[in-house]
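Scroll down for the structure; my scribbles are underneath it.
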Amino acid sequence: MDFETVIGLEVHAQLLTDTKIFCNCSTQFGAAPNSHACPVCLGMPGVLPVLNKKVVEYAMKMALATHCTINGQNVFARKNYFYPDLPKGYQISQFAYPLAEHGYIMIETGEGPRKIGITRIHMEEDAGKLIHDDHNPVSYVDLNRTGVPLIEIVGEPDIRSPEEAAEYLRRLHEILVYLDICDGNMEEGSFRCDANVSIRPRGQKEFGTRTELKNMNSFRNVQRALEYEVRRQQYLVENGEKIVQETRLWDDAQGVTNPMRSKEEAHDYRYFPDPDLVPVVVDEAWVADICAGMPELPQAKRERFVNDYQIPAYDAGVLTADKALAEYYEEVVKLCGKPKIASNWVMGDVLKFLNEEKKSIRECPVSAKSLADMIGLIEQGTISGKIAKEVIADMYATGKPPQDIIKEKGLVQITDEGELVKTVTAIIAANPKQLADYRGGKEKLFGFFVGQVMKATQGKANPQMVNDLLKKMLA
Amino acid sequence: MELYRLTIHALQEKIRNGEVSALQIAESVFSRIDAVEGLVHSYIRLMKEEALEAAARADETIKKGGIQPLTGIPIALKDIVCTRGIPTTCGSHILHQFVPPYNATVVEKLAAAGAVFVGKTNMDEFAMGSSTETSYFGPTRNPWDPERIPGGSSGGSATAVAADECIASIGSDTGGSIRQPAALCGVVGMKPTYGRVSRFGLIAFASSLDQIGPFTKDVEDCAIMMNVLAGYDPKESTSVKAEVPDYRRFIGRDLQGWKIGIPKEYFIDGIDPEVSAAVAKTIETVRQCGASIVEISLQHTKYCVAVYYIIAPAEASSNLARYDGVRYGFRAADARDLSEMYQKTRRQGFGAEVKRRIMIGTYALSAGYYDAYYGKASQVRALIRRDFDEAFAQCDVILTPTTPTPAFKIGEKTDDPLQMYLSDIFTISANLAGIPGISVPCGFSASGLPIGVQFLAGHFEEGKLLQVASAYEKSAAVEKRRPAL
């Protein structure tokens, strides 16, 4: 049977505010357990939440970036359930009246760009963390994360394959990081994803029974988990078995999904408006203010790169995947004026070196100025493209500007015609047989002579001049 | 001289004239407590040592001439407001050893105004009750008849004032918990507008209804207390940034040109005839003070109790979820796993009335019932609020009985929650509408039990309440008595 996959993703992103959503505690990751916890975090009797306005502003940025409608009045609600990492016995979230609704983002697919709907974006507080003792039946609670602001981005079931799911996540992640509202660190849990997945015979309108997948902490794992789950559901259907609506946990080591204990998901959250907080009123002036402060988003940047720099869409995609990389590239272009050549060097050598060491562009030893200078030296004919490969490796290793490296290593290109004529004459004289063969019609041997000249000059000969001389002198 | 009998303003005058010291006042109050506390049981905890130290500090302040509105005045706090370093129990087993590391905003304000804290007063567990019988620490008795309840939930704060075990006290009112015990104990009690007095540090029962207010011996003292308590608090999101007048300037004004609204829905069958007679007399007295009487209608009154007993338990079921034995407070021993720890802790830690309300509230919010209960109740609540808005277009204040009967006997209604709930029938509406209300003594039953009259006003019109209550109080018609303890 031919099946269609239907996927909807829920993303939780931690916002990069300095303080928590409802108190003044720090949001810093990695501090000693419970060192960023106050009576509000602890849910002590009589304490009250006061909303951090920054959280609303950050969430509004994401709402605008994903083409959502911002609700002029949105309301915090209590989601009630018992768990030791949830001090109040309820999470303050939004339910009936979220911050924003009805948005979308564009993703690239094999069949071209596709619009994936965003159902809603709402603000909420994160829970704490349980630490289980490996040797004793004891668990500890760390409430540093309690009250760290989150936005939940609920996507429409518009995604049709695990690859599209990964692509959607990458795009969302990219926007969050571009907006500087989330650090996007999946391992530390700043960017988390749950997936709803079902299958249906192609052409059928109704959705199949869905399962919810949790515990995937990388884009790759999201894709793997979905691929596994789609196969599992197909197997069940093809064997006449029923798909059970349930929550399943991804087991990374085994590469499978397993059902969560049903007890853990049998919740009636009893949402109701939180009487300790007043509705958040967002007027047009506030939205306009946030709009005015929005940075250029990746999609727009990609389009601008293609149009203004005349580079391929693929290059634009790579160069804008990281905002800092895009800034680096633009700086190089500004200084050297050669967008396509700059793109080749940034995407080829610079990124290769960085990836080998798992470094980000911020840590790159080659400054934009040095790279631009090097491109200029090639253009002026001071070094050849081949030598430049050597030079940039040294620049990356030492952080020195290209001029210094060229001087120290004597890599300046030979452009003195007299000197080159001497070398070419000597090479021709030393290879009479090859000369005869070439003149006899073996034109392939031209390359042999080029190679010999380059070898004799340690690659420093200007290749164009070598070509011209050989053509003249071999004839 | 029995200093403990005096009002705040009388004591202030004596302090200013150098007739008495704060220490003398404190000692007088504690000697009174020694004499009557065994009969009344107003307090869960006395703070004698701290009080005497604070009184000594107050005397230093007085000497330096830095006298504040409450300098040297002994004040009792309902054990629902958090006091830093002092156990705050909320009348419950589950918090019986809980020591907050912070002060409620009202505690900070009272301390800054020079108050001397006498102790933490008894209350119905988590403020759920109308008789102070559900306290984990045992019942409080009515000073006018120790066989009877003092009202609740702020029973201890009412009796502490009525029995002169403090000069004034703090209570909290979610459905009448200040006004009802004030009426039954013959003292003045005010529930301010929702948002007028900070709730920070007030242990929550029903967050959209809870409000802190004072118990005092007369209306002028109520104004003095409100001057200290009222005001915006950035620590509370529902606190309102509205200007706070000097409430004392409303004392002693007449009622010329005033219109007093009498809502027909509040004068129903089932009101004790002695209460009816006392309230009828009050209406006549207010008329003689210069006001005219207008009949008004609050047509959704009959739904108030039902709406309240959905909204309050719903919020409570969520507010009380934090008492889970994990971080502070009582934790049951011998649990085999997490779920058992929760169950045992809450089964053993909460009393029957609290559990009843948690269950009602959980039910009202649960999937499939939310719309029919909580959703509908919220809609009716909006109608109740509108009734008042319309009524206050026709009158300055509304006059009603505070309670349908005088104080009932201890144990009389403990087995009949519905009867118990009806004792708040006249006070609940003010909480649902968020408006202020005051209860003032208006007479006695034949058997000598106090009866109270309630005045209600529009949002942030506490001044009007003080004006009408003070004018009424000063009229010759009101009988002054003291409990024979």
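What single numbered condition from (1) among the basic types (Lys, Arg); (2) without any contact (Cβ under 8 Å) to a residue 40 or more places away in the chain; (3) within 30 Å of A:Glu167 (Cα to Cα) fails to hold for A:Lys61?
(2)
Okay, residues lined up against (1) over 30 Å from B:Asp424 (Cα atoms); (2) assigned to a strand (DSSP E or B):
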residue: B:Leu52; (1), (2): yes, no
residue: B:Ile67; (1), (2): yes, no
residue: B:Thr71; (1), (2): yes, no
residue: B:Ala76; (1), (2): no, yes
residue: B:Gly138; (1), (2): no, no
residue: B:Ala158; (1), (2): no, no
residue: B:Glu165; (1), (2): no, no
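Please determine, by comparing only the residues of region A:400-438 that are modelled with pLDDT of 85 or more and hydroxyl-bearing (Ser, Thr, Tyr), which one is surrounded by the most Cβ atoms within 10 Å (Cβ to Cβ).
Ranking the qualifying residues of region A:400-438, first place goes to A:Tyr438.
When the residues of region A:441-475 are narrowed to those that are of a type in the set (S, T, N, Q) and not in a helix (DSSP H, G or I), which ends up farthest from A:Asp416 (Cα to Cα)?
A:Gln458
Table: residues versus (1) part of a helix (DSSP H, G or I); (2) of a type in the set (Val, Ile, Thr).
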| site | (1), (2) |
| --- | --- |
| B:Thr238 | no, yes |
| B:Lys241 | no, no |
| B:Pro245 | no, no |
| B:Asp254 | no, no |
| B:Gly257 | no, no |
| B:Glu265 | yes, no |
| B:Glu284 | yes, no |
| B:Gly290 | no, no |
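Against the condition within 14 Å of chain A (Cβ to nearest Cβ) and closer than 24 Å to B:Gln24 by Cα, how does B:Glu50 come out, does it pass? Even if it seems obvious, please write down each step before you answer.
Details: within 14 Å of chain A (Cβ to nearest Cβ): no; closer than 24 Å to B:Gln24 by Cα: yes.
Criteria not met by B:Glu50.
B:Arg57 - would you say it is in the same structural domain as B:Cys185 (by TED's automatic domain parsing), under 20 Å from the mean Cα position of the chain (by Cα), surrounded by fewer than 24 Cβ atoms within 10 Å (Cβ to Cβ) and modelled with pLDDT of 95 or more?
On the way: in the same structural domain as B:Cys185 (by TED's automatic domain parsing): yes; under 20 Å from the mean Cα position of the chain (by Cα): no; surrounded by fewer than 24 Cβ atoms within 10 Å (Cβ to Cβ): yes; modelled with pLDDT of 95 or more: yes.
So B:Arg57 fails the test.
Taking the criterion of being part of a helix (DSSP H, G or I), in contact (Cβ under 8 Å) with a residue 40 or more places away in the chain, away from chain B (no Cβ under 14 Å) and over 30 Å from B:Ser198 (Cβ atoms), would at least one residue in region A:252-260 satisfy it?
No.
Here are A:Asn34, A:Asn80, A:Asn24: which of them is touching a helix residue (DSSP H, G or I) at 6+ places or on another chain (Cβ under 6 Å) and within 14 Å of chain B (Cβ to nearest Cβ)?
Only one candidate passes the filter, namely A:Asn80.
Of all residues being touching a strand residue (DSSP E or B) at 6+ places or on another chain (Cβ under 7 Å), surrounded by fewer than 19 Cβ atoms within 10 Å (Cβ to Cβ) and more than 14 Å from chain B (Cβ to nearest Cβ) in region A:271-322, which is nearest to A:Leu99 (Cα to Cα)? Just the residue, please.
Among those residues, the one meeting the criterion is A:Val287.
In region A:84-114, how many residues are in contact with a helix residue (DSSP H, G or I) (Cβ under 6 Å, 6 or more places away or on another chain) and modelled with pLDDT of 95 or more?
Within region A:84-114, residues that are in contact with a helix residue (DSSP H, G or I) (Cβ under 6 Å, 6 or more places away or on another chain) and modelled with pLDDT of 95 or more number 6.
Scanning for something more than 30 Å from A:Gly89 (Cα to Cα), in contact (Cβ under 8 Å) with a residue 24 or more places away in the chain, in contact with a Phe, Trp or Tyr (Cβ under 9 Å, 6 or more places away or on another chain) and buried (at least 20 other Cβ atoms within 10 Å of the Cβ), does region A:116-131 turn up at least one residue?
Step one: filter region A:116-131 for residues more than 30 Å from A:Gly89 (Cα to Cα), giving A:116-117.
Still in the running and in contact (Cβ under 8 Å) with a residue 24 or more places away in the chain: A:116-117.
Subset that is in contact with a Phe, Trp or Tyr (Cβ under 9 Å, 6 or more places away or on another chain): A:116-117.
Now drop any that are not buried (at least 20 other Cβ atoms within 10 Å of the Cβ), which leaves A:116.
Checked region A:116-131: at least one residue is more than 30 Å from A:Gly89 (Cα to Cα), in contact (Cβ under 8 Å) with a residue 24 or more places away in the chain, in contact with a Phe, Trp or Tyr (Cβ under 9 Å, 6 or more places away or on another chain) and buried (at least 20 other Cβ atoms within 10 Å of the Cβ).
Can you work out which of the residues in region B:459-485 that are farther than 17 Å from B:Ala278 by Cα and in contact with a Pro (Cβ under 8 Å, 6 or more places away or on another chain) is surrounded by the most Cβ atoms within 10 Å (Cβ to Cβ)?
B:Leu465
Provide a single number: the residues in region B:439-473 that are in contact with a Lys or Arg (Cβ under 9 Å, 6 or more places away or on another chain) and in a helix (DSSP H, G or I).
Adding up the residues that qualify gives 6.
Look at region A:115-140 and say how many of its residues are modelled with pLDDT of 95 or more and of a type in the set (Val, Ile, Thr).
4
For residues in region B:63-113 being more than 20 Å from the chain's Cα centre (by Cα) and among the aliphatic types (A, V, I, L, M), which is surrounded by the fewest Cβ atoms within 10 Å (Cβ to Cβ)?
B:Ala112
Sort out for me the strands (runs of 3 or more DSSP E) sitting completely within region A:16-116 that have 1 or more residues that are over 27 Å from the mean Cα position of the chain (by Cα).
Correct list: A:76-80, A:90-94.
Out of B:Val228, B:Val294, B:Val279, report the one residue that is away from chain A (no Cβ under 14 Å), within 24 Å of B:Glu390 (Cα to Cα), in a helix (DSSP H, G or I) and modelled with pLDDT of 95 or more.
Every option except B:Val279 fails the conditions.
Against the definition (within 14 Å of chain B (Cβ to nearest Cβ) and of a type in the set (S, T, N, Q)), how does A:Thr119 come out, yes or no?
It is false that A:Thr119 is within 14 Å of chain B (Cβ to nearest Cβ) and of a type in the set (S, T, N, Q).
Enumerate the pairs (first residue in region A:185-207 and over 21 Å from A:Met260 (Cβ atoms); second residue anywhere and charged (D, E, K, R) and loosely packed, with under 13 Cβ neighbours inside 10 Å) with beta-carbon separation below 6 Å, excluding pairs fewer than 6 apart on the same chain, so at least 6 apart or on different chains.
Between residues of region A:185-207 that are over 21 Å from A:Met260 (Cβ atoms) and residues that are charged (D, E, K, R) and loosely packed, with under 13 Cβ neighbours inside 10 Å, the close pairs are A:Arg202/A:Asp2.
Is there a residue in region A:84-92 that is of a type in the set (A, V, I, L, M), within 11 Å of chain B (Cβ to nearest Cβ), surrounded by 22 or more Cβ atoms within 10 Å (Cβ to Cβ) and without any contact (Cβ under 8 Å) to a residue 12 or more places away in the chain?
no
For region A:141-162, indicate whether the set of residues that are under 23 Å from the mean Cα position of the chain (by Cα), hydroxyl-bearing (Ser, Thr, Tyr) and not in a loop (DSSP other than H, G, I, E, B) is non-empty.
Among the residues of region A:141-162, not one is under 23 Å from the mean Cα position of the chain (by Cα), hydroxyl-bearing (Ser, Thr, Tyr) and not in a loop (DSSP other than H, G, I, E, B), which makes the answer no.
Provide a single number: the residues in region B:297-317 that are more than 11 Å from chain A (Cβ to nearest Cβ) and touching a Pro at 6+ places or on another chain (Cβ under 8 Å).
Number satisfying all stated conditions: 3.
What pairs come up if the first residue lies in region B:441-453 and is buried (at least 24 other Cβ atoms within 10 Å of the Cβ), the second is in a strand (DSSP E or B) and aliphatic (A, V, I, L, M), and their beta carbons are under 6 Å apart, counting only those six or more places apart or on different chains?
B:Cys442/B:Ile451; B:Cys442/B:Val453; B:Val453/B:Val440
Can you tell me which residue within region A:248-273, out of those that are of a type in the set (Ser, Thr, Tyr) and modelled with pLDDT of 90 or more, is farthest from B:Ser366 (Cα to Cα)?
The qualifying residue farthest from B:Ser366 (Cα to Cα) is A:Thr257.
Considering each of B:Ala223, B:Ala278 in turn, give the residue that is in contact (Cβ under 8 Å) with a residue 60 or more places away in the chain, outside the structural domain of B:Ala183 (by TED's automatic domain parsing) and either buried (at least 18 other Cβ atoms within 10 Å of the Cβ) or in contact with a helix residue (DSSP H, G or I) (Cβ under 8 Å, 6 or more places away or on another chain) (or both).
Being in contact (Cβ under 8 Å) with a residue 60 or more places away in the chain, outside the structural domain of B:Ala183 (by TED's automatic domain parsing) and either buried (at least 18 other Cβ atoms within 10 Å of the Cβ) or in contact with a helix residue (DSSP H, G or I) (Cβ under 8 Å, 6 or more places away or on another chain) (or both) holds for just one of B:Ala223, B:Ala278, which is B:Ala278.
Residues that are at pLDDT 95 or above and surrounded by fewer than 20 Cβ atoms within 10 Å (Cβ to Cβ), at least 1 per element: which helices (runs of 4 or more DSSP H) completely within region B:320-426 meet that?
Qualifying helices (runs of 4 or more DSSP H): B:338-349, B:352-365, B:376-391.
Among the numbered conditions (1) over 25 Å from the mean Cα position of the chain (by Cα); (2) of a type in the set (Gly, Ala, Ser); (3) in a helix (DSSP H, G or I), tell me where B:Ala306 comes up short.
Just one mismatch for B:Ala306, condition (1).
The values are calculated or read from the model by the stated rules, or taken from the named source; none is laboratory data. Just so it is clear, the model here is predicted, and its values are computed rather than measured. Virtual Cβ from ideal backbone geometry, glycine too; neighbours counted across all protein chains shown.
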